[in-house]
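Report on the following structure.
Read-outs throughout are calculated quantities, based only on the coordinates presented, and are distinct from any laboratory measurement. Remember, predicted model here, so these are calculated numbers, not experimental data. All Cβ positions, glycine included, derive from the backbone under ideal geometry; neighbour counts span all protein chains shown.
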Amino acid sequence: MLLAADISVYIDEIIRSLPLLTTEYTLVLSIIAIIVMDLLFGKENPQLLYMAATTGLLVALIASINDWNTVEGPQNIFENMIRVNRLSLFLSILLIIATLLTILITSFEKPFKEEKKGEGEYFSLLTLITLGSILMVKANHFLMFFLALETVSMGSYLIAGFKFDRKGSEGAMKYVLFGAFASAIMLYGISLLYGYTNSFGFIDLTEIAAQGRQIDFGLGFALIMIISGLFFKISIFPFHVWVPDVYKAAPTSITAFFSIVPKIAGLMMMFNIVNRMGINDLEISSISLHLDEMLGIAAIFTLIVANFSAIWQKSGKRMMAYSSISHAGFMMIAILSLTEMGLYALLFYIFIYILMNYGVFFILIKLENATGSDEISDFKGMGKAAPVASTALVILMISLTGLPPTAGFTAKFILFTTVWENFELSGQYIYLFLLLIGLGISVVALFYYLRIPYFMYFKESEGKREPVTFNLFELIFLLFLTTPIFLLFFQPDWLFDVINSINFASN
Amino acid sequence: MLDAGTIAVYSFAVITVISALFVLITRHILHAAFGLLVCLLGIAGLYLLAGAEFLGVTQLLVYAGGILVLIIFGIMLTNRADGKTIKAGNHRVIPGILAGLAIFLLFTQIYSQSSFRDSLRSTDNNIPLMGHPVESLGVEIMTRYLLPFELIAVILLVILVGSLFISKKENDTN
């Protein structure tokens with residue numbers, strides 16, 4: 001029997017922890033509100049559900065910003081299961097904004113306008129995935145980590161099939177099978193890790209390793225299994241094969257969501273694990289494998305495979321799927337450079353990536369609505385028919401490639417500077433390789449990113465194209481996404497002032 | 001000389017492995033389901049012998065009692081709809097055996113290493129028992145593991161709603 005005193009200690013801990021999770025409660029309440037509203041008046045006016053989901057997320061956003069203004073140092077709550085710090089709060093804000101953008105571009109997409117079904121389920125799943133992602137970036141315990149990750153995965157499996165056709169169900173099924181496999185591998189790794197460390201926390205492994213870095217084969221294998229599961233979620237080579245099929249099969253706005261919210265949460269999870277457990281310093285002694293080199297090689301192969309596959313894609317969505325794999329590779333490079341500068345480079349990159357990707361997917365939705373397909377060759381002649389969309393797409397594609405005068409260049413420039421500094425500091429050749437491959441691959445990227453604008457401007461369409469028009473609201477949305485891409489090239493300090501207030505040492 | 005506990009562990013292990021192999025080899029899908037039942041019962045026995053009574057009973061109730069009955073019902077219903085029994089086949093037998101052997105060797109390598117056995121034997125790995133295990137489990141869930149518990153509740157709710165929606169018939173307008 002537990003003593004009453006023990007229980008009161010626990011209850012004090014819960015009471016202390018409760019005020020720091022207001023964002024999460026808001027999201028849970030909004031999920032329940034959406035389900036109830038869907039039952040009551042979902043059939044007659046689905047607009048109410050849009051409003052409910054948006055309101056819930058806006059309140060959660062305000063709660064996160066409020067926490068960001070008040071929380072100073074890192075706070076460990078719920079018996080160290082959750083760590084709230086400025087980094088995780090910054091990412092919660094970004095994730096909520098990204099979900100709000102998803103709801104916006106969903107309202108432009110055809111299937112949801114025409115089918116008039118599934119809005120309630122769609123928005124509650126979307127909110128659930130956001131909740132899971134926020135808990136992922138805040139987790140400090142493998143139980144919480146796994147549950148949050150599964151929240152995101154389960155929601156994603158369901159939401160991937162929302163196109164209601166054969167292709168959509170096939171893609172979702174593929175996703176479920178691959179995902180269950182990856183989760184099983186990761187869970188096995190976590191159980192092995194528990195066997196070695198006797199703890200589910202993200203404890204510093206360099207303290208229990210021999211000479212500060214040598215670990216034996218079993219523990220190393222457990223870590224590799226956990227990392228493999230995460231690689232699957234953030235689509236790093238060799239666990240990226242599911243990405244193009246699922247992205248192609250899902251509705252375009254959901255593809256945009258998949259390429260941002262779960263991916264950013266997974267990347268930050270990776271950063272937290274690598275940072276808190278000191279994985280970069282470890283070496284599996286029996287096969288003399290340095291774990292940082294393993295991560296670096298995975299990033300290099302991700303970049304090479306993703307970019308060379310992207311060249312041959314005929315579908316715009318599949319190309320963007322490979323593009324998102326390639327960007328995950330770039331962000332992996334930033335995770336490897338575990339310095340203050342590396343973290344800032346990663347956060348800057350994530351911010352720009354959100355803007356660019358939502359912009360491109362928004363224009364893809366407009367083009368899809370106009371042409372009825374997402375094949376690149378069907379976009380012929382759209383340069384004349386949709387001048388605004390084409391101009392914006394050129395800007396966004398240049399930014400995705402990483403050329404000036406766009407913020408995509410700034411993001412890559414900061415990233416490569418960090419890698420070079422790391423090479424000079426540590427003298428490890430893996431950083432030099434990462435730098436060279438990253439630079440080389442950007443040239444390949446230029447080739448496929450500019451293929452869509454090339455088809456739009458320089459190929460004439462056979463028939464007459466109906467002009468694609470934007471209403472005022474859509475124009476404002478597009479400006480909102482593209483203007484910062486220029487502004488942050490000339491004034492990156494505006495973003496850096498915010499990012500710099502995150503203290504690297506306290507993570 | 002072997003004591004009764006060791007004999008019981010090994011016999012449960014043998015039952016589990018043989019029934020799992022039977023699931024793999026048999027071509028009749030209903031036989032495979034029954035093989036799975038025996039396999040799950042064997043695992044429940046292993047849990048009970050390892051001192052995890054709660055886990056063992058949960059395994060019996062949820063897997064052997066619930067999920068497996070669901071599987072058998074599913075097979076019976078789909079069988080009747082088609083009029084003929086479904087045959088399960090094995091594909092890529094040789095690569096499968098090779099991959100299985102490789103994983104087996106990998107795990108023997110891991111588990112035979114001294115550091116893992118030491119960590120299993122170390123005394124601080126034994127969770128101190130205060131009162132009945134089910135009682136302390138309940139207290140822990142409502143105190144230390146409150147947040148994961150509540151998160152699971154939210155996940156189950158939304159996933160249930162979502163899967164009902166996905167599996168709904170197309171022409172069901174009401």
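Could you work out the relative contact order of region B:1-90? I mean the mean sequence separation of Cα pairs under 8 Å and 6+ apart, divided by the number of residues, in percent.
Contact order relative to length: 30 percent.
What is the list of residues in region A:116-140 whose amide nitrogen lies under 14 Å from a point 7 angstrom out from the Cα of residue A:43, following Cα to Cβ?
Output list for this probe position: A:117-118.
What's the FRET efficiency of residue B:52 with residue A:170 using the Cβ-Cβ distance as r and R₀ = 51 Å, to the nearest 0.05?
0.80
Would you calculate a helix-derived [θ] at 222 nm for the protein assembly as shown, using -39,500 (n - 2.57) for each DSSP H run of n ≥ 4 and dividing by the full residue count, to the nearest 500?
-24500 deg cm²/dmol
What is the mean number of Cβ atoms from other protein chains located within 10 Å of the Cβ atom of each residue in peptide B:136-147, rounded to a whole number? Could the numbers behind the result be given before it?
On the way: counts 2, 0, 1, 5, 2, 0, 4, 10, 7, 6, 8, 15.
Partner Cβ neighbours, averaged per residue: 5.
Provide B:91, A:327, A:141, A:290 in ascending order of the number of other Cβ atoms located within 10 Å of each residue's Cβ, fewest first.
Ranking B:91, A:327, A:141, A:290 by Cβ neighbours within 10 Å, fewest first, gives B:91, A:290, A:141, A:327.
Pull up all non-local amide H partners of residue A:459: gap of 5 or more, or a different chain, and H-to-H distance under 5 Å with H placed in the peptide plane.
Under 5 Å from the amide H of residue A:459 lie the amide H atoms of A:381, each far enough along the sequence or on another chain.
Tilt of helix A:291-311 relative to the longest C-alpha principal axis of chain A, in degrees (0 to 90, nearest 10)?
The angle comes out at about 10 degrees.
Using a 7 Å offset from the Cα along the Cα-to-Cβ direction at both residue A:204 and residue A:487, what is the distance between the two label points in nm, to one decimal?
Roughly 4.1 nm, to one decimal.
For region A:308-507, what are the per-bin percents of Cα-Cα distances with bins 5 Å wide, up to the bin holding the maximum?
Calculated P(r), rounded to whole percents: 1, 7, 15, 18, 18, 15, 10, 7, 5, 3, 1, 0, 0.
Measure up A:163/A:317; A:138/A:167; A:167/A:263; A:163/A:366; A:174/A:263 against 26 Å on the Cα-Cα distance and list the ones that go over.
Details: A:163/A:317 14 Å; A:138/A:167 35 Å; A:167/A:263 23 Å; A:163/A:366 17 Å; A:174/A:263 18 Å.
Going by Cα-Cα distance, A:138/A:167 fall outside the 26 Å limit.
Which whole-number percent is the relative contact order of region A:310-461 (Cα, under 8 Å, 6+ apart)?
Reported as a whole number, the value is 30 percent.
Order of B:133-145, A:92-104, A:416-428, A:252-264 by packing, highest average Cβ count within 10 Å first? All intermediate terms of the calculation are to be shown ahead of the outcome.
Numbers: B:133-145: 14.8, A:92-104: 22.6, A:416-428: 16.5, A:252-264: 26.1.
Top of the packing list down: A:252-264, A:92-104, A:416-428, B:133-145.
Excluding residue A:76 itself, what net charge comes from residues whose Cβ is under 13 Å from its Cβ, given Lys and Arg +1 and Asp and Glu -1?
Net local charge, residue A:76 excluded: +2.
Mind checking region A:1-105 for GluC sites (Glu not before Pro) that DSSP puts in a loop (not H, G, I, E or B) and that have at most 15 other Cβ atoms within 10 Å?
On the way: sites: A:13, A:24, A:44, A:72, A:79; in loops: A:44, A:72, A:79.
Of the GluC sites (Glu not before Pro), the ones in loops of region A:1-105 whose Cβ has at most 15 other Cβ atoms within 10 Å are A:44, A:72.
Per residue of A:41-50, count partner chain C-beta atoms within 10 Å of its C-beta, then hand back the mean as an integer.
0
Listed highest first by mean packing, meaning other Cβ atoms within 10 Å per residue, what order do A:351-363, A:230-242 come in?
Details: A:351-363: 24.7, A:230-242: 22.1.
Per-residue mean Cβ counts within 10 Å order the peptides as A:351-363, A:230-242.
Just counting partner chain Cβ atoms within 10 Å, what average do the residues of peptide A:117-128 show around their Cβ?
So the per-residue partner count for this stretch is 3.
With a 10 Å radius around each residue's Cβ, average the other Cβ atoms per peptide and rank B:25-38, A:374-387, highest first.
A:374-387, B:25-38
With each pseudo-label sitting 7 Å past Cα toward Cβ, what's the residue A:181-residue A:369 distance in nm, one decimal?
Modelled inter-label distance: 3.8 nm.
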